[in-house]
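The values are calculated or read from the model by the stated rules, or taken from the named source; none is laboratory data. These numbers come from a predicted model, not from an experiment. Every residue, glycine among them, receives a Cβ derived from its backbone with ideal geometry; neighbour counts consider all protein chains shown. These accessible areas exclude ligands, DNA and RNA; they are computed on the full protein's heavy atoms, side chains included. Shrake-Rupley method; radii C 1.70, N 1.55, O 1.52, S 1.80 Å.
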Amino acid sequence: MIKIAPSILSADYAALGDEIARVEAGGADQIHVDVMDGHFVPNITIGMPVVEAIRKRTRLPLDLHLMVTDADRYLEAFVRAGGDALTVHVEACPHLHRTLGRIHELGARAGIALNPATPPAALEYALDGADLVLVMSVNPGLGGQEFIPATYAKLIDVRNRLGDRPLEVSVDGGVKLEHCRPLVSRGATTLVAGSAIFGAADPAAEVRRLRAAALTAIAI
Ligand code: DX5
Ligand code: ZN
């Protein structure tokens, strides 16, 4: 199964509920919510109150990407606010094994994110505690950046390390139509896209286009 996850970082924040309804109408599988603390990354975005607000506007799973330095402090509050999956950065979690366990205790799905320069080996002893791996294809902190081509080789490496573990593999950052098929053919199962979707004239149609392109990799 291929999932398309619109990232609302590129949506109109003054009309988030409507923007989400548009991509939901296009068949989006989940909503990617970028939480930035201005410390781990040079930007400040969404906190619990906004997650609570969008929780009331959609039944789609909320996939929270926590780009924060002290994730442990906020896990419970983000799950309470409505987060279905919490993804933390391996670079910001010294006690990753415990953090993943805590996310599960709270009843949410747990994800591990890797910055572009972080080797997949960092996942080695944490994979059994995770439901998904998020491979960053840009340096986190902004939408609308250029996709990093080295992501293709990294994806194959990550996929090999998973073995037969049923983890989802997400790719996040600069994903456009032309990246969908090569990403899926190298093992990606979830494609996060922000500017490609919310920058399009018709975001619902763009969700469908990205899925159609991704599915051509499976039809091979
Ligand atoms: C970047 C975020 C991404 C970003 C994706 O730090 O984690 O989710 O919003 O947006 P695009 O697809 O525009 O790069
Ligand atoms: Zn993200």
### Task
Could you tell me the largest-minus-smallest coordinate of the C-alpha atoms of the stretch 162-210 on each of the three principal axes, in descending order and whole angstroms?
40, 17, 16
### Task
Could you tell me what percent of the DSSP beta bridges with both partners in the stretch 1-119 are antiparallel, to the nearest 5?
5
### Task
Give the percent of DSSP beta bridges with both residues in the chain that are antiparallel, rounded to the nearest 5.
5
### Query
Which FRET efficiency value, to the nearest 0.05, do you get for ARG208 and GLN145 by plugging their Cβ-Cβ distance into 1/(1 + (r/R0)^6) with R0 = 22 Å?
0.35
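Let me know the longest stretch in the chain that avoids all GluC sites (Glu not before Pro) found in a DSSP loop with at most 15 other C-beta atoms within 10 Å.
Values: sites that count: GLU124, GLU146.
Formally, the longest exposed-site-free interval is 1-123.
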### Options GLY141, ILE2, LEU64, ranked by Cα towards positive dipole end of the chain, top entry (Cβ charges)
ILE2
### Query
Relative contact order for the stretch 3-147: what is it in percent, counting Cα pairs under 8 Å that are at least 6 residues apart?
19
### Query
How far, in nm, would the chain grow between HIS95 and ASP70 when pulled straight, counting 0.36 nm per residue and subtracting the alpha carbon separation?
7.9 nm
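Divide, for the stretch 106-220, the radius of gyration over alpha carbons by 2.2 N^0.38 Å, where N is the residue count.
1.05
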#### Entry: Karplus 3J(HN,Hα) series, Hz, for the stretch 118-128 with 6.51 cos²θ - 1.76 cosθ + 1.60 (x for Gly, Pro)
7, x, x, 4, 5, 7, 2, 9, 10, 4, 5
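Counting only heavy atoms of protein chains, what accessible area per residue, in Å², does the stretch 17-159 have with a probe of 1.4 Å?
On the way: 6330 Å² over 143 residues.
In whole numbers, the stretch 17-159 has 44 Å² accessible per residue.
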### Task
Could you grab the Rg to Rh ratio for the chain? Cα atoms only, Kirkwood for Rh.
0.93
### Task
Just grab the label-to-label distance for LEU215 and THR118, each label 7 Å out from Cα along the Cβ direction, in nm (one decimal).
3.3
#### Entry: Hydrodynamic radius by Kirkwood, which averages 1/r over all alpha carbon pairs of the stretch 12-67, in angstrom
11.9
